[in-house]
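The values are calculated or read from the model by the stated rules, or taken from the named source; none is laboratory data. Because the structure is predicted, anything quoted here is derived from the model rather than measured. Ideal geometry is used to build each Cβ from the backbone, glycine not excepted, and the neighbour counts take in all protein chains shown. Please note that ligands, DNA and RNA were not included when accessible areas were found on the heavy atoms of the full protein model with its side chains. Shrake-Rupley method; radii C 1.70, N 1.55, O 1.52, S 1.80 Å.
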Amino acid sequence: MISIVETTPYDDQKPGTSGLRKKVPVFRQKNYVENFIQSIFDSVAGFRGETLVIGGDGRYFNREAIQIAMRMAAANGFGRVIVGQGGILSTPAASHLIRKNRAFGGIILSASHNPGGPEGDFGIKYNIGNGGPAPEKLTEAIYARSRVIDRYATVRAVDVDLDTVGQLMLGDMTVEVIDPVADYAELMEALFDFGAIRALFAGGFRMAFDAMHAVTGPYAVEILERRLGAPAGTARNAVPLEDFGGHHPDPNLVHARDLYDLMMSPEAPDFGAASDGDGDRNLIIGRGIFVTPSDSLAMLAANAHLAPGYAQGLKGIARSMPTSGAADRVAQKRGIGLYETPTGWKFFGNLLDAGLATICGEESAGTGSDHVREKDGLWAVLLWLNILAARGASVMEIARRHWAEYGRNYYARHDYEDIDTAAAGELMAALRQKLPSLPGQRFGDLAVEAADDFAYRDPVDGSVSEGQGVRVLFAGGSRIVFRLSGTGTSGATLRVYLECYEPDAARHGRETQEALSGLIAAAERIAEISRRTGRDAPSVVT
Ligand code: VG1
Ligand code: CO
């Protein structure tokens, strides 16, 4: 029944910030998926008879990839696969299932916010037994294996029926097709005060949740509408589509523009939110106010104790380096630890496992806690709802009071997408070369105090990750960070992160781009963005 198939390696199966992401036609090459999955199995040991969780964001090619993964799991000796009905599992739901079932690991099929479809993007990510993304040591081992792989194991069998909940056999392996939503919804109910949120909706509170035709649709309908009593239609675009309706399922001000426009209009409901392709990110918009993800992290951390799951307080807060320092001020005031990690959720796992941090976040709209080992879009939305219910205040009031107490970190990210890869590499190399000469230089009112290439030493296992982004730090706490995206699939994407701190409440009503204009000009002069990329403006500002 088991067959060993000869294969030849590909040289481009290097996982990025979050798994291996490529165009669908790349994944469709002969044995491309098989090579990568066998490379995962060859890089971990001790899974005979163990459980593997498999699911994806429902995008084009999801079902085919799942069938391949299940056959290979059976041939490689796994005892059981748990798979979401229809092949659906949001990333945080998969993380929860791995933990709950004490699974050996999980395979998540997703390219997250990247567009889908036959010419769109696809991705494969491996998560370890703690429910979190494979750490760098393991992704490097997988990549090394993929470069020499010469055979893979599979079983010959008809496709598993993914649409019927139930149990069946694939070779000697059990396959359990489960409801993708139930366990996750139960976990949310354990963390938050559903009674208070139900009362909020019963009192006429209105919300718009945009699932962007991605994986969170069924989760949002079940939790917001069925369990919390929000009116039908609160979850919009709630049916997952293989091509996300032709859109990018990226919850930012460009791709979730309709929601933003609604929230800024006179008809705005009380609360607006969206999630991305695989359900691990969130966008939070109050009536008349967009909450930057960095601010959202700080505000959630400052108010988390209002939710039953966090009533004991937080052990610490972790944020990725480019995320603004707003959360640092909350940590400082509470006297708890603040950890600054490289971009990507894989760096939070050790901190959460060791009990050093309870809440983590990234500027890219990822927020989460120790309830799983992934960022979690709906979790953030529900924590906001719990806080709104407990405080009886609007998003606008909560934000204003937060800034008045802690000061405001004006923040924006400017993305230059799909630029020439060589030009992007040269821009970063030139920046790195400039680092020693930057301190002491002035750009308008801004004086450079320090400049470096961020390196991280994991406080738990001592591993070091270098080259994680160029930081230019100015006197007074303003800063610019430059890094290249590790999730794109065509050309390169330059991300420029801009931040300045304003303690004076009288100056908290400024327009963000205006507050950052000095930094925007300095970024151009320091990195020569327009000359090197041929672009005079970013493609996306968030
Ligand atoms: C981006 C974000 C990063 C996030 C990653 C995966 O990475 O900046 O914060 O962890 O996407 O998120 P990069 O390397 O392109 O900057 V997801 O929701 O797209 O899996
Ligand atoms: Co995502």
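With both residues required to sit in the chain, DSSP beta bridges show an antiparallel share near 70%.
One way to sum up the overall shape of region 472-542 is the equivalent ellipsoid from its Cα gyration tensor, whose semi-axes run 25, 13, 12 Å, largest first. If the chain linking ASP159 and ALA202 were pulled fully straight, counting 0.36 nm for each residue of separation and taking away their Cα-Cα distance, it would gain 10.9 nm.
Each pair of Cα atoms in region 408-541 enters the Kirkwood radius, and Stokes-Einstein at 10 °C and 1.306 mPa s then converts it into a translational diffusion coefficient of 101 µm²/s. Across region 280-287, rounded Karplus estimates of 3J(HN,Hα) from the backbone phi angles (6.51 cos²θ - 1.76 cosθ + 1.60, θ = phi - 60°) give 9, 10, 9, 10, 10, 9, x, 5 Hz, Gly and Pro being marked x.
Seen from all directions on average, region 153-234 presents a Cα convex hull projection of 7.8 nm². Region 397-453 and region 67-119 have their alpha-carbon centroids 37 Å apart. What the Cβ-Cβ distance of ARG227 and GLU267 gives, at R0 = 30 Å and to the nearest 0.05, is a FRET efficiency of 0.70.
When the alpha carbon gyration tensor of the chain is reduced to an equivalent ellipsoid, the three semi-axes, largest first, read 36, 29, 21 Å.
For the chain, the solvent-accessible area works out to 37 Å² per residue, with a probe of 1.4 Å and every protein chain left in place.
Debye calculation, C-alpha points only, no solvent: report log10 I(q)/I(0) for region 257-350 at q = 0.17, 0.23 Å⁻¹, in the same order as the q values. So the normalised log intensities are -0.87, -1.22. For region 299-449, report the % of Cα-Cα distances exceeding 25 Å. Across region 299-449, Cα pairs with separations above 25 Å total 40 percent. Radius of gyration over Kirkwood radius for region 184-406, both on Cα atoms: the Rg/Rh ratio is 0.94.
The portion of the accessible surface of the chain made up by carbon and sulfur, rounded to a whole percent, is 48 (1.4 Å probe; DNA, RNA and ligands excluded). The modelled label-to-label distance for the pair GLU466/VAL239, using points 7 Å beyond Cα in the direction of Cβ, is 5.3 nm. With θ taken as phi - 60° and the Karplus curve 6.51 cos²θ - 1.76 cosθ + 1.60 applied, the whole-hertz 3J(HN,Hα) list for region 60-73 is 3, 5, 4, 5, 4, 4, 5, 4, 4, 4, 5, 4, 6, 4 Hz, x standing for glycine and proline.
Available extension along the chain between GLN433 and ASP420 is 2.7 nm, counting 0.36 nm per residue and deducting the alpha carbon span. Using alpha carbons only, the radius of gyration of region 159-205 set against its Kirkwood radius gives Rg/Rh = 1.30. Give the lysines whose C-alpha is closer than 28 Å to that of LYS375, dropping any in the same chain fewer than 8 places away, or say none. Straight-line reach from LYS375, under 28 Å: LYS14, LYS22, LYS23, LYS100, LYS125, LYS137, LYS315, LYS333, LYS346. Rg of the Cα atoms in region 420-488, relative to 2.2 N^0.38 Å, amounts to 1.26.
Counting every C-alpha pair in region 2-179, the share spaced more than 30 angstrom apart comes to 7%. Think of it as helices only: each DSSP H run of n ≥ 4 in the chain is worth -39500 (n - 2.57), and spread over all residues that comes to -9000 deg cm²/dmol at 222 nm. Take each peptide in 348-358, 413-423, count the other Cβ atoms within 10 Å of every residue, and average; sorted highest first, the result is 348-358, 413-423.
Distance from the alpha carbon centroid of region 342-393 to that of region 218-269 works out to 20 angstrom. The coefficient of translational diffusion for region 40-135, derived via Stokes-Einstein from the alpha carbon Kirkwood radius under 4 °C and 1.567 mPa s, stands at 98 µm²/s. In sequence order, region 489-499 has phi-based couplings of 10, 9, x, 10, 10, 8, 10, 10, 9, 10, 8 Hz under the Karplus curve 6.51 cos²θ - 1.76 cosθ + 1.60, θ = phi - 60°, and Gly or Pro positions carry x. Overall form of region 321-362: oblate. Here a/c, set by the Cα gyration tensor axes a ≥ b ≥ c, is 1.5 or more, and a/b is not larger than b/c.
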